[in-house]
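Q: Before we start, here is the structure in question, set down as structure tokens.
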Amino acid sequence: MTEFKQKGRDSLKNGRIIKALSGFYYIQSEDGKIYQTKPRGIFRKRNESPLVGDEVKFSASAITEGTLEEISQRSNQLTRPTVANVDIGVIIMSLKDPDFSTSLLDRYLVSLEQHHIQPVIWITKTDLADEKEYEKVKVHADYYRKIGYEVILPERDKVLEQVEVEDLFGSMITKRLAVFLGQSGAGKSTLLNRLDANLQLKIGETSKSLGRGRHTTRHVELVPLLGGLIADTPGFSAIEFDDIAAADLAVCFPEIWETGRECRFKGCVHQNEPNCAVKTAVNKGTIAQHRYDHYLSILEEIQNRKPRYGKKRGS
Ligand SMILES: Nc1nc2c(ncn2[C@@H]2O[C@H](COP(=O)(O)OP(=O)(O)OP(=O)(O)O)[C@@H](O)[C@H]2O)c(=O)[nH]1
Ligand SMILES: [Mg+2]
Ligand SMILES: [Zn+2]
């Protein structure tokens, strides 16, 4: 302790938390080594939890004997999956098994847009679809591209080779932190294994009777890939919007936000207001009906949510 004090902050190493497991935080230091650390007691006292993705300072007398000393300010913080400082959220949606759902996709998109994280949509299991099913999803993919999203939809009957994946995706993630998210069984771990066969991430089976995955991945871990860091994460499909105000929801739907500028009322939330440009665009077909429906259903969830704990009534 005294020695630490004498050496001061200069002796601290810089790194990033790449895994949290059983109370330990695994930190990759600038020189590439991975240290096992415990956080200082002060974090618990302050009720602060270190997160995977955090940039930190730490001390270590040995590779398994480290102490996490300081956490740098986060640029953002996803709560599901729990990762900090995320640049890109890659939404993995299977075309089949489990079936493609625009409702679920829109909820993932909002959860990323809310934190100003760039979304990429990646559709897997195209090899399982028949032509009709594929075409239907292709129409959706084109719409999401039109409103500004990057969509990766491999051809049917074709598993992407590693070089093709690198071509499609490599430049996007260089020097960045990407999180793979999506429901269980969508194929997140499979895709990452394809990017680097050495990873050997555990792959699950999808249950035929349930049509969904079995929660094979249990923890978040960052792995260095394609010059960036990618997190495989446990699948989830229940998404709540506790931190969005009703007036801010439209920002999370780019085409609704853009069209909403033309609404007659300044604070129009595109619900029951007259002369609403968004509703007109939905009727004309320039905004997809399903997008508007999903916008409205999330808006209603926000409007109906119970007042938060810890907040005084009327304040
Ligand atoms: N046919 C086909 N099967 C795939 C494809 N990608 C994944 N699978 C299968 O889908 C199942 C689930 O894959 P995982 O990679 O474990 O899915 P996950 O998204 O990581 O699931 P969780 O870890 O539970 O969140 C496995 O049986 C995979 O072999 C694909 O492109 N085509
Ligand atoms: Mg997995
Ligand atoms: Zn409006």
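Q: Over segment 164-304, what is the relative contact order in whole percent, taking alpha-carbon pairs under 8 Å and six or more residues apart?
A: Values: 180 pairs, mean separation 28.5, N = 141.
Computed over segment 164-304, the figure is 20 percent.
Q: Where the convex hull is taken over the Cα atoms of segment 44-116, what is its projected area averaged over directions, in nm²?
A: Values: hull surface 29.1 nm².
The orientation-averaged projected area of the Cα hull of segment 44-116 comes to 7.3 nm².
Q: Another one. R0 = 51 Å: FRET efficiency of residue 194 with residue 273, Cβ-based, nearest 0.05? Write out the running numbers ahead of the final one.
A: Values: r = 48 Å, r/R0 = 0.94.
Plugging the Cβ-Cβ distance into 1/(1 + (r/R0)^6) gives 0.60.
Q: Let me ask something additional. Arranged by the count of other C-beta atoms within 10 angstrom, fewest first, what order do 287, 88 take? If you can, show how the numbers build up before the last one.
A: Values: 287 24, 88 20.
Final ranking by Cβ density, sparse to dense: 88, 287.
Q: Nearest 5 is fine: what % of DSSP beta bridges in the chain come out antiparallel, could you say?
A: Working: 29 of 49 bridges.
In the chain, DSSP labels about 60 percent of beta bridges as antiparallel.
Q: Continuing with the same structure: Which FRET efficiency, nearest 0.05, do residue 158 and residue 289 yield, Cβ-Cβ r, R0 30 Å?
A: In this case the efficiency is close to 0.45.
Q: Per residue of segment 31-48, what does 6.51 cos²θ - 1.76 cosθ + 1.60 with θ = phi - 60° give for ³J(HN,Hα)? Whole Hz please, x for Gly and Pro, Karplus curve as stated.
A: Karplus-based 3J(HN,Hα) across segment 31-48 equals 7, x, 6, 10, 10, 8, 10, 10, x, 5, x, 4, 5, 5, 4, 7, 6, 10 Hz.
Q: Same structure again: Over its Cα atoms, what ratio of radius of gyration to 2.2 N^0.38 Å does the chain give?
A: On the way: Rg = 22.0 Å, N = 315, 2.2 N^0.38 = 19.6 Å.
Taking the Cα Rg and dividing by 2.2 N^0.38 Å, one obtains 1.12.
Q: Kirkwood hydrodynamic radius, computed over distinct alpha-carbon pairs, for segment 9-71: how many Å, to one decimal? Let's see the in-between values first.
A: Values: mean 1/r = 0.0886 Å⁻¹.
Taking the inverse mean of 1/r over all distinct Cα pairs, segment 9-71 comes out at 11.3 Å.
Q: Further, regarding this structure: If each residue of separation counts as 0.36 nm, what is the full-extension length gain between residue 76 and residue 202 once their alpha-carbon separation is subtracted?
A: Computed gain between residue 76 and residue 202 is 42.5 nm.
Q: I would also like to ask the following. Taking segment 253-293, which GluC sites (Glu not before Pro) meet the DSSP loop condition and have no more than 13 other C-beta atoms within 10 Å? Mind showing how you got there, number by number?
A: On the way: sites: 255, 258, 262; in loops: 262.
Those that pass, being in a loop and sparsely packed, are 262.
Q: Right, here's the next one. No other cysteine beta carbon under 4.7 Å away is the test; run it over the chain and list who passes.
A: 252, 276
Q: Still on this structure: Under 18 Å from the Cα of residue 279, which aspartates and glutamates turn up, not counting those fewer than eight places away in the same chain?
A: The qualifying aspartates and glutamates are 248, 255, 258, 262, 293, 300.
Q: Tell me, 286, 67, 124, 259 in order of fewest to most beta-carbon neighbours within 10 Å? Intermediate values should be presented prior to the final figure.
A: On the way: 286 12, 67 17, 124 25, 259 21.
Starting with the residue having the fewest Cβ neighbours, the order is 286, 67, 259, 124.
Q: Provide, as a two-decimal number, the C-alpha radius of gyration of segment 77-232 over 2.2 N^0.38 Å, N being how many residues it has.
A: 0.97
Q: Right, next: Within the chain, what's the longest run with no trypsin sites (Lys or Arg not before Pro) in a DSSP loop and at most 11 other beta-carbon atoms within 10 Å? Give the range, please. Can you show the working numbers first?
A: Details: sites that count: 46, 158, 175, 202, 208, 218, 261, 264, 266, 308, 311, 312, 313.
Excluding the exposed sites themselves, the longest stretch runs over 47-157.
Q: While we're here: Pull out the extension gain between residue 303 and residue 34, defined as 0.36 nm times the separation in residues minus the alpha carbon to alpha carbon distance; nm, one decimal.
A: 92.3 nm
Q: If segment 137-216 were replaced by its equivalent ellipsoid, with semi-axes equal to the square roots of 5 times the Cα gyration tensor eigenvalues, what would those be, largest first, whole Å?
A: Numbers: eigenvalues 98, 73, 34 Å².
Ellipsoid half-lengths, sorted descending, are 22, 19, 13 Å.
Q: Please enumerate, by chain and number, the lysines with C-alpha under 27 Å from the C-alpha of residue 202, excluding those fewer than 8 residues away in the same chain.
A: Those lysines meeting the cut-off are 19, 33, 38, 96, 125, 158, 175, 188.
Q: Would you order 52, 223 from fewest to most other beta-carbon atoms within 10 Å of each residue's own beta-carbon?
A: Details: 52 28, 223 17.
Ranked by crowding around the Cβ, least crowded first: 223, 52.
Q: Which whole-number percent is the relative contact order of the chain (Cα, under 8 Å, 6+ apart)? Show your work: numbers first, answer last.
A: Working: 540 pairs, mean separation 42.0, N = 315.
It comes to 13 percent, rounded to a whole number.
Since every read-out is calculated from the coordinates, none of them should be taken as a lab result. Model, not experiment: these values are computed from the prediction. Counting neighbours? That spans all protein chains shown, and the Cβs are built from the backbone with ideal geometry, glycine included.
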